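Data first, discussion second: the structure below is written as structure tokens.
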Amino acid sequence: MNDTQEPRTGDDDTTGPRLAAVDDHPVILHGIQACLAGSAPEIDWVGSAENVDELPSRVSALPSVVLLDIELNDGSDVAANVHRLREWGPQVMLFSREHRPVVVRRGIEAGALGLVLKEDPDAQLAEAIRAAHAGKAYVSSRLAHQIVHDRRGKVRLSPRQLEVLELLARGLKPTVIARRLYMTEETVRTHRRRAIEAFAKDEGTRLADNSELVYRSMVDGHIDLDPTGTGRPGTSDPDDAG
């Protein structure tokens, strides 16, 4: 992360948390500040930004904790965002409405200390920030705990399998997928079969056909819920669809 300014370091670790947030919804940022001002005045709000790139230039001090929205409008990857923030120094707590276990797990595996859901009570948000400041893992609610530890988040798909699934989600035929990915049609079918086997082995989910495979991959967060970028999953060029 390239800092555009060098924020003051603030006090040592014996003081309260210095908090920053990365979220592109202003109402959420205002809500965080209002909540903590009343319930946790020892938490020092040092700034916020709409994306990770902008954060260093928007804070008045180096934060000890950053609340990170999992899904930002800039399309950045949660794991990459966590890595960059950790390299900068702060602890990271995921803060989101995101319920897809694979997406959450990517953030946790990248180094985030836990997850706070935006619908959780104010007291749990403050508790999560204090825990992260102390370097402790924290999951704020029963639902968040279920998401983090959801068995569905443990399915591992290869990059090639994900590419095939994304094109299947757009309604493309195996022959078209093979041409686009420079592989044989049989290789496309092999990647599809191995993805189905991975869901059966790691998640205990048996998928009968392409529609079930694509749906489960979307719901769990392996592929985007709108792979076409049109707002209509499953659409494609008429000449390519099957």
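For the reader, a short list of remarks on this structure follows.
- Filtered residues of segment 63-100 (kept if assigned to a loop (DSSP other than H, G, I, E, B) and either aliphatic (A, V, I, L, M) or on the phi > 0 side of the Ramachandran plot (or both)): 70, 72, 75, 89
- Pair list, Cβ < 7 Å and 6+ apart or interchain, from segment 27-55 residues that are touching a residue at least 40 places away in the same chain (Cβ under 8 Å) to residues that are among the polar types (S, T, N, Q) and assigned to a loop (DSSP other than H, G, I, E, B): 52/76
- Scan segment 14-49 for residues that are part of a loop (DSSP other than H, G, I, E, B) and under 23 Å from residue 108 (Cβ atoms) and the total you get is 5.
- Selection of first residues in segment 183-209 that are on the phi > 0 side of the Ramachandran plot and in contact (Cβ under 8 Å) with a residue 60 or more places away in the chain and of second residues that are assigned to a helix (DSSP H, G or I) and of a type in the set (A, V, I, L, M, F, W, C), restricted to Cβ pairs under 7 Å at least 6 apart or on distinct chains, gives an empty result.
- Residue within segment 10-29 that is in the same structural domain as residue 131 (by TED's automatic domain parsing), exposed (fewer than 12 other Cβ atoms within 10 Å of the Cβ) and at pLDDT 85 or above present: yes
- Residue check, residue 78 out of contact with any Asp or Glu (no Cβ under 9 Å at 6 or more places or on another chain) and β-branched (Val, Ile, Thr): no
- Under the condition of being of a type outside the set (A, V, I, L, M), part of a loop (DSSP other than H, G, I, E, B) and at pLDDT 90 or above, the residues counted in segment 119-139 number 2.
- Residue under evaluation residue 234, criteria (1) modelled with pLDDT of 70 or more; (2) at positive phi, criterion not met: (1)
- Scanning segment 107-127 for residues that are surrounded by 19 or more Cβ atoms within 10 Å (Cβ to Cβ) and touching a residue at least 60 places away in the same chain (Cβ under 8 Å) yields a count of 2.
- The set of residues from segment 41-77 being among the basic types (Lys, Arg) and either exposed (fewer than 15 other Cβ atoms within 10 Å of the Cβ) or touching a helix residue (DSSP H, G or I) at 6+ places or on another chain (Cβ under 9 Å) (or both) is empty.
The values are calculated or read from the model by the stated rules, or taken from the named source; none is laboratory data. Please read these numbers as outputs of a predicted model, since none were measured by experiment. Every residue, glycine as well, gets a Cβ built from its backbone with ideal geometry; the counts of neighbours run over all protein chains shown.
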